[in-house]
Amino acid sequence: MQNWAERTDFDEDEIIGLAEADFRLYFGPNFAKEATSSPLTFTSGAATLPSGFIRPLAMTHATYGSLDLASIERVRERRINDTTGIPGIYAISGTQALTAPAYTGDLTFDYEGSLTGLSGSNATNWLITNAPQAYIAMCQSYIKVWEGDVSGADPYRSLALGILSD
């Protein structure tokens with residue numbers, strides 16, 4: 001970002017935060033986008049859900065194929081009686097996905113997620129993966145505003161929103 005700005009004394013995190021706030025206004029409060037975790041890593045049958053998770057779409061094992069979404073009660077009952085470690089069903093409970101109790105490994109998890117902001121601990125989200133040019137354009141817009149060139153910001157913002165619309 002500092003390469004685009006005439007001055008370099010701004011806070012890049014603040015510029016990114018403003019761009020993301022604009023994206024959230026554009027998308028609305030209930031917007032969710034299909035995303036895929038790569039991969040969701042299970043230890044003893046449990047994995048932490050990705051940030052921004054809203055609802056599950058599918059879970060797949062590379063060898064055994066698709067897992068069925070089940071109630072937490074059914075998964076817990078199976079966890080008592082099943083020691084094979086082969087994941088066949090899964091459930092969502094709080095911030096975790098649960099499957100066979102002895103399963104340790106990776107599963108592909110397709111889900112709907114909200115726009116999770118970029119940060120030092122989160123370097124990616126579905127928007128920057130699918131439309132990095134929208135991020136760049138919106139950040140350039142806020143750099144222009146920060147520099148006091150409000151009229152110069154509008155074309156960048158329009159470009160970012162046009163990319164999202166496409």
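Remarks
- Flag for residue 104 being within 30 Å of residue 59 (Cα to Cα), touching a Gly at 6+ places or on another chain (Cβ under 8 Å), polar (S, T, N, Q) and buried (at least 19 other Cβ atoms within 10 Å of the Cβ): no
- Every condition in (1) of a type outside the set (D, E, K, R); (2) assigned to a helix (DSSP H, G or I); (3) modelled with pLDDT of 90 or more holds for residue 127 except the one numbered (3).
- Residue count for the stretch 92-101, restricted to those that are farther than 14 Å from residue 51 by Cβ and surrounded by 21 or more Cβ atoms within 10 Å (Cβ to Cβ): 3
- Members of the stretch 117-141 that are hydroxyl-bearing (Ser, Thr, Tyr) and touching an Asp or Glu at 6+ places or on another chain (Cβ under 9 Å): 119, 135, 141
- Whichever residue in the stretch 117-147 is closer than 19 Å to residue 161 by Cβ and of a type in the set (Ser, Thr, Tyr) and, among such residues, is surrounded by the most Cβ atoms within 10 Å (Cβ to Cβ): 141
- Residue match in the stretch 97-105 (condition: under 26 Å from residue 45 (Cβ atoms), among the aliphatic types (A, V, I, L, M), touching a His at 6+ places or on another chain (Cβ under 6 Å) and touching a residue at least 40 places away in the same chain (Cβ under 8 Å)): no
- When the stretch 1-51 is limited to residues that are at pLDDT below 85 and assigned to a helix (DSSP H, G or I), the one that is nearest to residue 85 (Cα to Cα) turns out to be 13.
- Residue list for the stretch 90-123, restricted to those being outside any loop (DSSP other than H, G, I, E, B), of a type in the set (A, V, I, L, M) and touching a Leu at 6+ places or on another chain (Cβ under 9 Å): 91, 92, 97, 107
- Among the residues making up the stretch 33-86, those that are farther than 30 Å from residue 128 by Cα and either open to solvent by less than 50 Å² (accessible area, probe 1.4 Å) or among the hydrophobic types (A, V, I, L, M, F, W, C) (or both) are 45, 70, 72, 75, 80, 82, 85, 86.
- Tally of residues being modelled with pLDDT of 85 or more, open to solvent by less than 60 Å² (accessible area, probe 1.4 Å) and of a type in the set (S, T, N, Q) across the stretch 107-116: 0
The values are calculated or read from the model by the stated rules, or taken from the named source; none is laboratory data. If you're wondering where the values come from, they're calculated on a predicted model, not measured in any experiment. Positions of Cβ are backbone-derived with ideal geometry, glycine not excepted, and every protein chain shown enters the neighbour counts. Accessible surface is based on the protein model in full, side chains and every heavy atom, while ligands, DNA and RNA are left aside. Shrake-Rupley method; radii C 1.70, N 1.55, O 1.52, S 1.80 Å.
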